[in-house]
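The values are calculated or read from the model by the stated rules, or taken from the named source; none is laboratory data. Since this is a predicted model, take the numbers as computed values, not measurements. Virtual Cβ from ideal backbone geometry, glycine too; neighbours counted across all protein chains shown. Please note that ligands, DNA and RNA were not included when accessible areas were found on the heavy atoms of the full protein model with its side chains. Shrake-Rupley method; radii C 1.70, N 1.55, O 1.52, S 1.80 Å.
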Amino acid sequence: AVEPRLLVPHNVQYVFRDDELRLRSVLKYEVERAGVFQLALKVPEGLIIDSVSADGMSEFNVDKGTGRITLSLTQKRMGAIEVTVQAHQAFDASAENSEMELPTLTPEGVERETGVITAYAPEFLDVITVDEKLVGLFPSRDVAVEPLPRLRHIASWNFTRRPIALFVRTSPRPAQIAAS
């Protein structure tokens, strides 16, 4: 039997808010050789899935026990399938020098995954990368940054293989007033 070959460009967007970290993951599957009826993603612990959408999706299930999302498609599919997952995780913007690993979804059964990670934060929050704990990521120089209202772009990274790990340290900025 011919096994399907899955290639995935993966775009991840993190948005820091007062009380939560929002994640938007867009996976553009390219299915070759044989079709698929379902797709699976590994979900890190602590990440709460808000919505999952995909072309030709009949349903999705989130198994909290195994930490997996399983997408069922209406028919056996080949070619391009775009999957968008929105999720969030608790976050305290007022905590001083808080260190955390940013959660990423991992597509299962893929032959090759490449991606771009972009982080945004409000003006009142400092977000600093913990470089010594960075795994599998390198700074992205040529990514088109989408401007988001009332947020500033922190940084963008590329990756070409797993495993990846992105740790950041956050601190609230002191209030500043300028006058003339």
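Of the residues in region 67-89, at least one is among the hydrophobic types (A, V, I, L, M, F, W, C), more than 30 Å from residue 147 (Cβ to Cβ) and touching a residue at least 40 places away in the same chain (Cβ under 8 Å).
Inside region 156-168, residues that are assigned to a strand (DSSP E or B) and under 24 Å from residue 112 (Cβ atoms) make up a count of 5. Scanning region 84-115 for residues that are buried (at least 17 other Cβ atoms within 10 Å of the Cβ), among the hydrophobic types (A, V, I, L, M, F, W, C) and within 20 Å of residue 169 (Cα to Cα) turns up 91, 93, 100, 102. When the test is whether a residue is exposed (fewer than 14 other Cβ atoms within 10 Å of the Cβ) and at pLDDT 95 or above, residue 28 does not pass it. How many of the residues making up region 46-86 are within 16 Å of residue 108 (Cβ to Cβ) and part of a loop (DSSP other than H, G, I, E, B)? Of the residues in region 46-86, 4 are within 16 Å of residue 108 (Cβ to Cβ) and part of a loop (DSSP other than H, G, I, E, B).
Only one of the numbered conditions (1) open to solvent by less than 50 Å² (accessible area, probe 1.4 Å); (2) in a loop (DSSP other than H, G, I, E, B); (3) among the aliphatic types (A, V, I, L, M) is not met by residue 119, and that is (2).
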